[in-house]
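The values are calculated or read from the model by the stated rules, or taken from the named source; none is laboratory data. All figures in this text were calculated on a predicted structure; none of them were measured in a lab. Every residue, glycine as well, gets a Cβ built from its backbone with ideal geometry; the counts of neighbours run over all protein chains shown. Accessible surface areas use protein heavy atoms only, side chains included; no ligands, DNA or RNA. Shrake-Rupley method; radii C 1.70, N 1.55, O 1.52, S 1.80 Å.
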Amino acid sequence: MGERKLKFQDRWMFNRVLCEEEVCRKVLRAALGIEAGEIAYLNEQCFEPLAAGRGVRLDVFARGDWRVYDIEMQVARERDLGRRMRYYQAAMDVGELGSGEDFGALPESYVLFFCRHDAYGKGEPAYVIERRCGAHPDLAVGDASPWVVLNASAWEASVLRYLRTGEAEGPLSSEIDALVGVFNEDREWVDRVLTYEQETEMRCRKAREEGREEGREEGREEGEARLAVLVGALLADGRSEDVAAAVEDKVRREELYAELGI
């Protein structure tokens, strides 16, 4: 059996490829139609809440030319994608102004999701979501913070086709595919990632078993569904240690239910 390799859509590979500044710049140009200029990274940036509450871990967080970018890979369907983008946006903004600074100093920001599926079911290759006045749709509020959701199932652009099929047919997707190959040769890194994923999967299996047990106490289906939602939310934020705690410690599990409002 051959060595397992990571694909571009795997979170860790996506993160590492987008750490290549020139590739990231080209991806932003292709997805948003803008020139990013010099890019500085705060990768795997964890935004902690100012008070007790849920933190946020972004896949790729970058700055460039008075703009900030959160770039996310979304393989599975996300039931609350809109609220997730809203929370990510808030987390990004809260640290951008110093004490007494004017709101005009907020940088232009983008929350960008690469989705393998059609998140909104309208067949659009790209959904650009901006805040506007309901009574006057042509009146933009000027918040300079669009959310962009890309649909790999409908867009024939090189990178999204590559995301969907794994076939590199254009210059940018070929460059990405070459990097994926190079990074897969770093077996120490790949094995570390796969070990982490295997440990997480074991914790998920244990969580499902725990959910069945909890379901017998709370009502089987309700208990399993509640724990599944909790585990999914924690994994989405990269909180694997909390997944283990939720499975092994009922008191901590109840604390996490309360924290996340589940």
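Here are the numbers for the structure shown:
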{"quantity": "Matching entry among 36, 30 (being at pLDDT 85 or above and touching a helix residue (DSSP H, G or I) at 6+ places or on another chain (Cβ under 9 Å))", "calculated": "30"}
{"quantity": "Residue list for region 203-233, restricted to those being under 20 Å from the mean Cα position of the chain (by Cα) and at pLDDT 75 or above", "calculated": "229, 230, 231"}
{"quantity": "Region 81-113, subset in contact (Cβ under 8 Å) with a residue 60 or more places away in the chain and outside any helix (DSSP H, G or I), residue surrounded by the fewest Cβ atoms within 10 Å (Cβ to Cβ)", "calculated": "112"}
{"quantity": "Exclusive hit being under 20 Å from the mean Cα position of the chain (by Cα), open to solvent by less than 50 Å² (accessible area, probe 1.4 Å), among the β-branched types (Val, Ile, Thr) and closer than 26 Å to residue 87 by Cβ, set 128, 149", "calculated": "149"}
{"quantity": "Residues satisfying the stated conditions in region 168-200, i.e. under 26 Å from residue 152 (Cβ atoms) and of a type in the set (Ser, Thr, Tyr)", "calculated": "173, 174, 196, 200"}
{"quantity": "Flag for residue 177 being touching a residue at least 40 places away in the same chain (Cβ under 8 Å) and acidic (Asp, Glu)", "calculated": "yes"}
{"quantity": "In region 61-112, the residues that are among the polar types (S, T, N, Q) and out of contact with any helix residue (DSSP H, G or I) (no Cβ under 7 Å at 6 or more places or on another chain)", "calculated": "74, 89, 99"}
{"quantity": "Answer residue from region 60-74, given it is within 9 Å of the chain's Cα centre (by Cα) and open to solvent by 10 Å² or more (accessible area, probe 1.4 Å) and is nearest to residue 229 (Cα to Cα) among those", "calculated": "74"}
{"quantity": "Residues of region 139-184 classified as assigned to a helix (DSSP H, G or I), modelled with pLDDT of 90 or more and over 17 Å from residue 72 (Cβ atoms), total", "calculated": "13"}
{"quantity": "Subset of region 39-59 that is open to solvent by less than 20 Å² (accessible area, probe 1.4 Å) and either within 25 Å of residue 127 (Cβ to Cβ) or basic (Lys, Arg) (or both) - its residue that is modelled with the lowest pLDDT", "calculated": "56"}
{"quantity": "Filter result (out of contact with any Gly (no Cβ under 9 Å at 6 or more places or on another chain) and in contact (Cβ under 8 Å) with a residue 60 or more places away in the chain) within region 15-44", "calculated": "16, 17, 20, 23, 26, 27, 30, 31, 32"}
{"quantity": "Number of the exception - residue 117 against (1) open to solvent by 30 Å² or more (accessible area, probe 1.4 Å); (2) touching a residue at least 24 places away in the same chain (Cβ under 8 Å); (3) part of a loop (DSSP other than H, G, I, E, B)", "calculated": "(1)"}
